[in-house]
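Each value in this text was obtained by applying a stated rule to the coordinates, not by laboratory testing. Here the structure is a predicted model, which is why all the values come from computation and not from measurement. Cβ placement follows ideal geometry from the backbone for every residue including glycine, while neighbour counts extend to all protein chains displayed.
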Amino acid sequence: MDYSNHPETLGVRAGSAHTEFGENSEAIFLTSSFVYTSAAQAAARFSGQEPGNIYSRFTNPTVTMFQDKLAALEGAEFCVATSSGMSAILACVMGLCSAGDHIVASRSIFGTSVQLFGNILKRWGLETTFVSLTDEAEWAAAVRPNTKLFFVETPSNPLTEVCDIAALAALAKKSGALLAVDNCFCTPALQKPIDLGADIIIHSATKYIDGQGRCLGGAVLGRKDVLEPVYGFLRTAGPTMSAFNAWVFLKGLETLSLRMEAHSRNALALAQWLEGQPQVERVYYPGLPSHPQYALAMRQQKAGGGIVSFDVKGGRDGAWKLIDATRMVSITANLGDAKSTITHPATTTHSRVTPEARAAAGIGDGLVRVAVGLEHIDDIKADLERGLKG
């Protein structure tokens, strides 16, 4: 069905399908397989001559509705839903790359992503060069004849660095590579990488797409011809999104635009407040004029997003004391929740990254990351102030 391009409407209406019962809320199809009217129809489905559902490892109506809705929001032709954000990255690489290929990735990415690119994929003959997210000259210098993929997070985890997506997309195209952008921090409510030239979008649906910390899921989006091998990998290897989780994410997408506006509003207010606290050495937030890529972020994002990181005095001891003194904010490494969360990246999300790699990425022992939730901003400030005073 044809809807407007307004994200508020797409989040509510796009991708919805109705059965003969005429339900208003999308149905959950909790079934492993689907029945055919004849052996001939089964053969036609398996061969691809007839469209339709076959087996929920790779075809399920609820998952399809989620894929269609998210694709509409991102302005993408095709979406492959997966069991988690990390399985989305894995499916993307395994579908598009082979042994002997080369990847260029930002060193400012999630710690588990660093492990995947730097250790696990290396064992299978895929080599990754890590470069500065913001230094385009490093990207250009890292390109090889066998470079197949550029991979970035923007804004990055946890320092909210921002890269010029259009510039990297142009370099990737010139190099014969594909640009994949992890859009987890912004979501399509705030940023649309395909409109800026990216080939592929990666999501951890676990985060803002869900919005309430309930389910794991991921997605890979882009042109259908580009992602057919990714879908083929999912069909064979099976890192599949469950129908129930897809239904939860469908409900999350309905309120995504409203929530991202509220997260961003709270985060900006918190970042501004933190800049005035004597115990805070530096604040990292794309919506602050003090952010190195503030002008760029405001061009390619609708708002700064919900993640605020900051360095506190006293190194790890100072950071841990602040975190332990909170009483409302949840101490957990997850983000994108309605509840504000707080974590110490050096000993949680990036604990498996070597100290040298953490230092190169700018992740110090005094760094604290807050995923700003939907509580009243005065209550969030009061809880952090308790820790800062401590």
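May I ask you to compute the full-extension gain from residue 317 to residue 167, defined as 0.36 nm times their residue separation minus their alpha-carbon distance, rounded to one decimal in nm?
Result for the pair: 50.0 nm of gain on full extension.
Using a basic spin-label model with each label point 7 Å from the Cα along Cα→Cβ, how many nm lie between residue 378 and residue 99?
Here the modelled spin labels are 6.4 nm apart.
Below 8 Å, C-alpha to C-alpha, sequence gap of six or more: please give me the relative contact order for the stretch 7-254 in percent.
26 percent
GNM, the chain, Cα, under 10 Å: largest mean-square fluctuation among 271, 319, 360?
360
Set the Förster distance to 51 Å, then compute FRET efficiency between residue 138 and residue 244 from the Cβ-Cβ distance, nearest 0.05.
The formula returns an efficiency of 0.75 here.
Taking springs between alpha-carbon atoms closer than 10 angstrom, which of 25, 132, 106 fluctuates most in the Gaussian network model of the chain?
Of the options given, 25 has the highest mean-square fluctuation.
Return a whole-number percent for the relative contact order of the stretch 257-389, with Cα pairs under 8 Å and 6 or more residues apart as the contact set.
Result for the stretch 257-389 is 29 percent.
Of all DSSP beta bridges in the stretch 257-389, what percent run antiparallel (nearest 5)?
Around 85 percent antiparallel, to the nearest 5.
Once phi is turned into θ = phi - 60°, what whole-Hz ³J(HN,Hα) does the Karplus curve with 6.51, -1.76 and 1.60 give for every residue of the stretch 361-366, x standing for Gly and Pro?
Each residue's phi maps through the Karplus curve to give 8, x, 8, x, 6, x Hz.
Assuming R0 = 41 Å, can you tell me the calculated FRET efficiency for the pair residue 236 and residue 389, based on Cβ-Cβ distance, to the nearest 0.05?
That gives a FRET efficiency of 0.15.
Between residue 272 and residue 347, how many nm apart are label points set 7 Å from Cα along the C-beta direction?
Simple spin-label model gives 3.3 nm for this pair.
Build a GNM of the chain with springs between Cα atoms under 10 Å: which of 20, 74, 161 gets the top mean-square fluctuation?
20
R0 = 30 Å: FRET efficiency of residue 77 with residue 282, Cβ-based, nearest 0.05?
Here the calculated transfer efficiency is 0.15.
Ordered by residue, what ³J(HN,Hα) values in Hz, to whole numbers, does the stretch 112-125 give under the Karplus form 6.51 cos²θ - 1.76 cosθ + 1.60, where θ = phi - 60° and Gly and Pro are x?
Using θ = phi - 60°, the values come out as 5, 5, 4, 4, 4, 6, x, 10, 5, 5, 4, 5, 9, x Hz.
Please report the antiparallel percentage of the DSSP beta bridges confined to the chain, to the nearest 5.
Expressed as a percentage, antiparallel bridges in the chain total about 55.
³J(HN,Hα) across the stretch 30-47 via Karplus (A = 6.51, B = -1.76, C = 1.60, θ = phi - 60°), whole Hz, x for Gly/Pro?
Whole-Hz 3J(HN,Hα) from phi for the stretch 30-47: 8, 9, 7, 9, 10, 9, 10, 7, 6, 4, 5, 5, 4, 5, 5, 5, 5, 7.
Roughly how many nanometres apart are two label points built 7 Å out from the Cα toward the Cβ at residue 35 and residue 20?
1.2 nm
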